[in-house]
Amino acid sequence: MDRCLLRDDIWWVGAIDWSERDFHGYELARGTTYNAYLILDQKVALVDGCRAGFGEEMLARVQMCSGGRRVDYLVVNHVEPDHSGSIPWLVEELAPREIICSKRAREALSKYYGADVIGRWNVRVVATGDQVSLGAKTLEFIEAPMLHWPDSMFTYVREAKTLLPNDAFGQHLATARRFADEVDTHIVMEEAGKYYANILMPFGSQIQKMLGKIKDMGIEIEAIGPSHGVMWRRPQDVARIIEAYVRWSSGQASEQIVVLYDTMWHSTEKMTLAIAEGIAQESVDFRIIRIGTTPRSEAAHAVLESRGILVGSPTLNNGLFPTVAGFMTYLKGLRPKNKVAGAFGSCGWAGGAVSQLDSELRALGFDMLEPLEIKYSPTQDELEACVRLGQEAARRVKSWV
Ligand code: FEO
């Protein structure tokens, strides 16, 4: 079994989940990890747990790195079951002197695992700015509500300038390597972006506040140990992921348009291709995604990275095509911001899908283009209208601020 030192007696003691592919609706292309960290000092602290079923793998690493020393503090940064599922079992196995968590985490632990169980633990509730000394190192806690749940908090090891922010700055990425600098940067940043789009996109304003709070508290970050994926230990990697979070959370995106569609008898598909031609004529980059055949987590990532989104649907039974309806439900929950957007599609004798799409995209606060709906199969004139829609979308994206 591998040992992995993040820095300064802070050991990675997580578990690797190579086979997970469905993470509450987020399709994982490359599995994930459940990271936890063991900090050795005069006192020993374990930060975070892992998903139920992975506790033995994690415990073996804890025992290997601790050399049999007792864990004094078990910090629970976040109660979602991918981190806390093993906590009751770990408490039995490790018998930590104290369990440290936020007030909301304590409530959630009681709901998940039983007030009688939690009542037997020695729980210390902490808030932003509270510290626990391990000897030479100090743990400092920062509440991070909605990153990813209300109970979430970050743990900062002040002397090691190391941030353990649980779900923030993570990626769903299982690899034999533990550090971002050991894996192809494009893969790491693609998975970090997909993770942000599918997990954290609804919470951009909270992320902006958190980044401000970190600055105000004088927190210097030289290494980041997230709860999923690889760790960031080089200054350029730490800077890259923080800059990406600044960009994503403020709604900045590339000068590109993603055209998302599905099709019943290829009419909406013909419209899609004509729209793409219009976008290309304006020299704006674009991507076409067929919703029914593409993982929605990949489509959500494309939305995050694009200034413009155009969504096309055939009408079925006076409403959205089912795959498009499912995607829109998912997208609305993610609450993307600052997009140029438009709806298009085809229908038979009566419409419905395009007006529904238009109103759903409008409700997200986007800069809307005129919707475009055609009957049956597009004529040459109607395809030219699609080209004009693509051109107009591209012009708006180019003037986007
Ligand atoms: Fe990785 Fe919100 O749990």
Suppose the filter is small (Gly, Ala, Ser) and either at pLDDT below 95 or surrounded by fewer than 19 Cβ atoms within 10 Å (Cβ to Cβ) (or both); does residue 229 pass it? no
Suppose we filter segment 321-348 for residues that are open to solvent by less than 20 Å² (accessible area, probe 1.4 Å) and in contact with a helix residue (DSSP H, G or I) (Cβ under 9 Å, 6 or more places away or on another chain); how many remain? 15
Which condition from (1) open to solvent by 60 Å² or more (accessible area, probe 1.4 Å); (2) under 23 Å from residue 311 (Cα atoms); (3) in a helix (DSSP H, G or I) is the one that residue 196 breaks? (1)
Under 7 Å by Cβ, and 6 or more places apart or on different chains, what pairs join a residue from segment 303-332 that is over 20 Å from residue 193 (Cα atoms) with one that is basic (Lys, Arg) and surrounded by 22 or more Cβ atoms within 10 Å (Cβ to Cβ)? none
Enumeration of residues in segment 2-39 that are open to solvent by 30 Å² or more (accessible area, probe 1.4 Å) and more than 30 Å from residue 296 (Cβ to Cβ): 2, 3, 5, 7, 8, 9, 11
Does residue 239 fit the bill of being more than 15 Å from the ligand (Cβ to nearest atom) and either within 19 Å of residue 18 (Cα to Cα) or small (Gly, Ala, Ser) (or both)? yes
Suppose the filter is among the β-branched types (Val, Ile, Thr) and open to solvent by less than 10 Å² (accessible area, probe 1.4 Å); does residue 183 pass it? no
Scanning segment 55-85 residue by residue, those under 23 Å from the mean Cα position of the chain (by Cα), farther than 23 Å from residue 128 by Cα and in contact (Cβ under 8 Å) with a residue 40 or more places away in the chain turn out to be 82
Pairs, first in contact (Cβ under 8 Å) with a residue 40 or more places away in the chain and part of a loop (DSSP other than H, G, I, E, B) in segment 176-193, second of a type in the set (Ser, Thr, Tyr) and buried (at least 16 other Cβ atoms within 10 Å of the Cβ), C-beta under 9 Å, six or more apart: 178/33; 183/175
It is to be established whether one or more residues within segment 386-396 are assigned to a loop (DSSP other than H, G, I, E, B) and at pLDDT 95 or above. no
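The values are calculated or read from the model by the stated rules, or taken from the named source; none is laboratory data. A quick note: this is a predicted structure, and the numbers were derived from the prediction, not measured. In this analysis, Cβ positions are derived from the backbone assuming ideal geometry, glycine residues included, and neighbour counts consider all displayed protein chains. Only protein heavy atoms, including side chains, enter the accessible area calculation; ligands, DNA and RNA are left aside. Shrake-Rupley method; radii C 1.70, N 1.55, O 1.52, S 1.80 Å.
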